[in-house]
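Colleague: Can you read through this structure? Questions will come right after.
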Amino acid sequence: MIEEIVDRAASAARELASWTGPRRRDVLHACAAALAERADELVPIVAGETGLAQARLRGELDRTTGQLRLLGDTALAEQIRRSVGVAPGGVDVLTVTVPIGPVAVFAASNFPLAFGVAGGDTGSALAAGCPVVVKAHPAQPATGRAIAAILSDALAGAGAPAGTFGLVEGGADVSLALVAASPIRAVGFTGSLAGGRALLDAASRRPDPIPVYAEMGSLNPVIVLPGALTDPRWPAALADAVTGSAGQLCTKPGLVLVPDSAEGSALGEALANAVAERSTHRMLTPAMSAAHASWLDRAAGLPDAVVTAGPATGDAPRPFAVRVPAASLRGELLEEHFGPAVVVASAPVEAYPGIVATLAGSLTATVLADVSDESDVDTARVLLPALAERAGRIVWNGVPTGVAVCEAMHHGGPWPATSAPWSTSVGTAAVERFRRPVALQGLPAGLFP
């Protein structure tokens with residue numbers, strides 16, 4: 001089954017590579033229009049399978065169709081640039097970018113639309129001129145099939161060759177077989193660190209290793225400076241970011257660092273109480289829910305930890321915060337935990353740089369400060385270079401949840417946030433993952449691709 005689908009993708013690759021930018025744009029716009037037209041049919045299917053609210057999913061569908069249109073508009077740009085200088089003999093050198101070929105995409109569970117079968121990886125590969133073979137998430141088979149049917153019809157109606165899009169289903173064996181299939185030239189993945197690492201290892205074992213663009217685990221630290229402690233909005237705003245979508249966002253704050261002072265303690269307590277008071281809904285899978293409950297049990301047994309948890313309500317996970325002194329930050333307290341939970345650590349502000357230096361790579365890092373406070377500005381000036389070494393996006397006086405789909409966005413970060421920190425899976429630059437440059441030296445103008 002996989003072999004047939006991948007072979008059809010390989011057959012479609014050359015025709016797609018010859019398409020002009022306007023034709024790629026039209027195809028992506030057609031896909032966006034088809035998804036929007038079928039919203040009333042699609043959203044209830046996704047909601048029933050994921051537990052996510054229909055209102056949230058309709059917003060996510062708008063984001064999905066919007067990013068497909070944006071990526072289609074990006075395909076209009078001709079990627080030709082004149083080099084600096086000339087080759088020996090005085091001839092010009094021009095560089096063009098070409099599609100790399102069939103791309104394997106792994107649908108994510110937490111954003112079943114925007115990072116799913118019709119998500120950003122699929123859209124950016126099609127914008128680059130590459131066929132796509134998507135591995136549906138095993139927890140969302142009905143969602144995967146419904147979206148695949150809509151895309152397949154839209155692509156066929158827009159004149160795309162057979163094999164432009166394909167869907168495969170199954171477990172880990174199917175995932176590894178897809179990565180190993182010889183026509184596949186790159187992989188897009190959003191999921192767990194263990195899953196991403198398995199795909200990386202499989203790609204490296206190929207006779208011809210291929211790139212894996214994997215988004216995996218992220219702690220997303222929030223650094224609170226003293227000047228922010230008097231701002232009453234932060235406990236509620238941070239609690240919403242921690243518990244929104246039942247804490248199943250890749251940019252959810254996992255660690256909040258507060259000053260070791262009476263004011264810092266008050267903010268930490270207010271945040272913990274706000275988290276515990278938030279309502280949640282069932283998580284995406286029973287395994288995720290069980291892992292969250294297990295983390296609550298283990299956190300309650302940690303030395304020097306104060307756990308504030310909300311009540312059990314049906315099949316919804318209990319939201320909770322773990323407050324610890326920063327000296328206790330080690331092990332699981334510095335790991336990503338899916339679900340509505342956060343670690344709040346207190347430390348002297350002068351210890352912040354040393355703590356930041358111990359953090360692993362993240363998609364985001366956030367600084368809450370008072371720009372009119374000279375001490376906050378001086379501390380931020382010291383912290384920002386270290387945070388830039390550890391995160392792909394730095395947020396100033398905001399929350400990291402909510403990722404804008406735009407040209408300037410970088411959704412990536414150092415390991416273990418991603419396997420390729422120079423790349424982004426959100427925004428127009430995501431297309432560059434699936435193209436490669438070819439230099440044309442002395443080629444007559446009439447022969448340019």
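The values are calculated or read from the model by the stated rules, or taken from the named source; none is laboratory data. These numbers were taken from a predicted model, which means no experiment stands behind them. Neighbour counts run over all protein chains shown; Cβ positions are idealised from the backbone, glycine included. These accessible areas exclude ligands, DNA and RNA; they are computed on the full protein's heavy atoms, side chains included. Shrake-Rupley method; radii C 1.70, N 1.55, O 1.52, S 1.80 Å.
Colleague: For the chain, find the longest principal axis of its Cα atoms and tell me its angle to the long axis of helix 234-243, 0 to 90°, nearest 10.
Modeller: 50
Colleague: Ok, one more. For the chain, what's the relative contact order in percent, using C-alpha pairs closer than 8 Å and at least 6 residues apart?
Modeller: 18
Colleague: What relative contact order, as a whole-number percentage, does region 89-156 give when Cα pairs under 8 Å and 6 or more residues apart are counted?
Modeller: Worked out over region 89-156, it gives 32 percent.
Colleague: I would also like to ask the following. Using only Cα atoms, find the angle between the long axis of helix 374-390 and the longest principal axis of the chain, and express it within 0 to 90 degrees, rounded to the nearest 10.
Modeller: 40
Colleague: Among ALA55, ALA276, ALA127, which one shows the biggest mean-square fluctuation in a GNM of the chain, springs joining Cα atoms closer than 10 Å?
Modeller: ALA55
Colleague: Could you work out the per residue convex hull volume over the alpha carbons of region 60-164, in cubic angstrom?
Modeller: 128
Colleague: Another question, then. For ASP26 and ALA262, what is the calculated FRET efficiency with R₀ set at 51 Å and r taken between the beta-carbons, to the nearest 0.05?
Modeller: Calculated transfer efficiency: 0.25.
Colleague: Given Cα pairs under 8 Å that are at least 6 residues apart, what percent is the relative contact order of region 29-153?
Modeller: Relative contact order of region 29-153: 29 percent.
Colleague: In region 61-179, carbon and sulfur make up what percent of the accessible area (probe 1.4 Å)?
Modeller: Heavy-atom surface of region 61-179 belonging to carbon and sulfur, 1.4 Å probe: 58 percent.
Colleague: For region 270-377, give the percent of accessible area contributed by carbon and sulfur heavy atoms, probe 1.4 Å, rounded to a whole number.
Modeller: In region 270-377, the share of accessible area belonging to carbon and sulfur is 56 percent.
Colleague: For region 299-349, what is the accessible area per residue in Å² when the probe is 1.4 Å?
Modeller: 42
Colleague: Could you give the spread of the C-alpha atoms of region 1-40 along their three principal axes, from largest to smallest, in whole angstroms?
Modeller: 34, 29, 6
Colleague: Further question on the same structure: Using only the alpha carbons of region 1-111, what is the convex hull's orientation-averaged projected area in square nanometres?
Modeller: 10.4
Colleague: In nm, to one decimal, how far is the VAL86 label point from the GLU15 one, both placed 7 Å along Cα→Cβ?
Modeller: 4.2
Colleague: Separate question: Averaged over every viewing direction, what's the projected area of the C-alpha convex hull for the chain? Give it in nm², one decimal, please.
Modeller: If I average the Cα hull's projected area over directions, I get 23.5 nm².
Colleague: Using a 10 angstrom cutoff on alpha carbons, build the Gaussian network for the chain and name the most mobile of GLY314, GLY89, GLY354.
Modeller: So, out of GLY314, GLY89, GLY354, the one fluctuating most is GLY89.
Colleague: As an exercise, take the mean of 1/r over every pair of distinct alpha carbons in region 338-377, invert it, and state the Kirkwood radius in angstroms.
Modeller: 12.6
Colleague: State the antiparallel share, in %, of DSSP beta bridges confined to region 299-385, rounding to the nearest 5.
Modeller: 45
Colleague: If you don't mind, another one. Nearest 10 degrees is fine. How inclined is helix 193-205 to the longest principal axis of the chain, computing both from alpha carbons?
Modeller: The angle comes out at about 30 degrees.
Colleague: Please pull out the direction-averaged projected area of region 163-289, using the convex hull of its alpha-carbon atoms, in nm² to one decimal place.
Modeller: 11.0
Colleague: Something else: By what distance, in whole Å, do the Cα atoms of region 373-441 stretch along each of the three principal axes, largest value first?
Modeller: Sorted largest first, the three principal extents are 55, 27, 25 Å.
Colleague: Now for a different question. Could you state the number of Å between the C-alpha centres of region 360-377 and region 248-268?
Modeller: Using only Cα atoms, the two centres lie 12 Å from each other.
Colleague: If you take all C-alpha pairs in region 326-446, what percent of them are over 24 Å apart?
Modeller: In whole percent, the share of Cα-Cα pairs in region 326-446 beyond 24 Å is 40.
Colleague: From the helices alone, meaning DSSP H stretches of at least four residues, give me the mean residue ellipticity at 222 nm for the chain, per-run term -39500 (n - 2.57), in deg cm²/dmol to the nearest 500.
Modeller: Theoretical 222 nm ellipticity from helices: -12500 deg cm²/dmol.
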